[in-house]
1. Suppose we filter 38, 68, 46 for residues that are surrounded by 14 or more Cβ atoms within 10 Å (Cβ to Cβ), modelled with pLDDT of 95 or more, in contact with a strand residue (DSSP E or B) (Cβ under 9 Å, 6 or more places away or on another chain) and assigned to a helix (DSSP H, G or I); which single one remains?
2. Could you give me the residue pairs with C-beta distances under 8 Å whose first residue belongs to the stretch 30-43 and is closer than 13 Å to residue 75 by Cβ, whose second residue is surrounded by fewer than 17 Cβ atoms within 10 Å (Cβ to Cβ) wherever it lies, and which are 6+ apart or on separate chains?
3. For the stretch 71-90, what are the residues that are assigned to a helix (DSSP H, G or I) and either in contact with a strand residue (DSSP E or B) (Cβ under 6 Å, 6 or more places away or on another chain) or surrounded by fewer than 15 Cβ atoms within 10 Å (Cβ to Cβ) (or both)?
4. Could you look through the stretch 19-29, keep only residues that are assigned to a helix (DSSP H, G or I) and touching a residue at least 12 places away in the same chain (Cβ under 8 Å), and pick out the one that is farthest from residue 79 (Cα to Cα)?
5. Residues 61, 10: which one is without any contact (Cβ under 8 Å) to a residue 12 or more places away in the chain and either under 12 Å from the mean Cα position of the chain (by Cα) or surrounded by fewer than 14 Cβ atoms within 10 Å (Cβ to Cβ) (or both)?
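The values are calculated or read from the model by the stated rules, or taken from the named source; none is laboratory data. These numbers were taken from a predicted model, which means no experiment stands behind them. Please note: Cβ atoms are built from the backbone with ideal geometry, for glycine as well, and neighbour counts cover all protein chains shown.
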């Protein structure tokens, strides 16, 4: 239940992001659902590999390179999907930052609605 609600709220966040940033385009809620799914899968599978491969650059930049990785994955999701487009890397960077903040808010709200159970 919590996972489906997070997916729906993340898609809604993408729709809100598209209305805020003119460089991010989402063609309908179905496309937003697919984009949220693909971004989530990229963050689950590809991001850890990229973080390990770019660890020296990340350490030298004091962690700021992680913003570049997030933006690259956000932009890569737009390259894979039809109804989700990001105009350029600058919009991908801004979009990934705003989307991450929205994700933190969503996670915080869902944590209050569905507190963890003690076993």
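1. None of the other options fit; the residue is 38.
2. 35/83; 38/80; 42/76
3. Result: 75, 78, 79, 80, 89, 90.
4. The first filter runs over the stretch 19-29 and keeps only residues assigned to a helix (DSSP H, G or I), leaving 19-20, 29.
Among the residues that remain, those that are also touching a residue at least 12 places away in the same chain (Cβ under 8 Å) are: 20, 29.
Working: 20: 20, 29: 18 Å.
Looking at residues that are assigned to a helix (DSSP H, G or I) and touching a residue at least 12 places away in the same chain (Cβ under 8 Å), I get 20.
5. On inspection, the qualifying residue turns out to be 61.
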